Amino acid sequence: MLKVINSISKINYLRCYISTFNALRDEEKKKPKKKVSETIELVTLVDTNDKILGLKPKPETEKLARKLNLILERVDDPKYGKMYPAYKLVSSADLLKEESKTSTSKVLKKLPINCRISDHDLVIKLKIVQNWLTKNCEVHVAVTGSEDMSGLKRTVFEKIQEHLKDQSKIINIRKKEDAIKCIVLPLKSPPANQKNKEQT
């Protein structure tokens, strides 16, 4: 009799153990599998005063730039180190400072345009550009925005090209991660004697 009771107890214990094991196994199956972590690009971050802030993950630097309403621009300078790419936090206005050295017009104008600009505000800015062109100014335009807004930046830039194609010459178009930059020049008016020939 005792042997029978012991056998029943062992069977019940085994059943309980197996059911517990199965429950734990089912729980493990329900847990989402951890994805293999992707390689995160590390970059050297430089602030607006040329101070190195250290190595940061690239996504973290982009979030910081958006939070501070600044632009992240790639800089190639050995002083920031050679092992990791360096990115500097700059304002929209600072984006075009380097262009001023190459200016050949009497007056240089700089116009940063955020890619989130409304159509109405864009038209107003383009009227300002047209006004500058009539005064023989060279206009440096930068369509700015974060790296993930490349489509929006391209759309705004195409609108600028379409609007100014008859009144200007657009040269030196450069696409960077955080901006599309170009130089807008006034069209050269033909000499007075050539105008007279065309009229006759």
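Summary table
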quantity: Extreme residue, least open to solvent (accessible area, probe 1.4 Å), among residues of segment 129-160 that are over 25 Å from Lys58 (Cα atoms) and basic (Lys, Arg); calculated: Lys159
quantity: Meets criteria (of a type outside the set (D, E, K, R), assigned to a strand (DSSP E or B) and at pLDDT below 85) for Leu72; calculated: yes
quantity: Filtered residues of segment 83-128 (kept if within 24 Å of Ser150 (Cβ to Cβ), assigned to a strand (DSSP E or B) and either open to solvent by less than 60 Å² (accessible area, probe 1.4 Å) or modelled with pLDDT under 80 (or both)); calculated: Ala86, Tyr87, Lys88, Leu89, Val90, Leu111, Pro112, Ile113
quantity: Residue check for Tyr80: surrounded by 13 or more Cβ atoms within 10 Å (Cβ to Cβ), modelled with pLDDT under 85 and aromatic (Phe, Trp, Tyr); calculated: yes
quantity: Qualifying residue in segment 48-69 (condition: over 27 Å from Ile183 (Cα atoms), more than 15 Å from the chain's Cα centre (by Cα), at pLDDT 60 or above and hydroxyl-bearing (Ser, Thr, Tyr)); calculated: no
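The values are calculated or read from the model by the stated rules, or taken from the named source; none is laboratory data. If you're wondering where the values come from, they're calculated on a predicted model, not measured in any experiment. We place every Cβ from the backbone using ideal geometry, glycine too, and count neighbours over all the protein chains shown. To get the accessible areas, we keep the full protein, side chains included, count just its heavy atoms, and leave off ligands, DNA and RNA. Shrake-Rupley method; radii C 1.70, N 1.55, O 1.52, S 1.80 Å.
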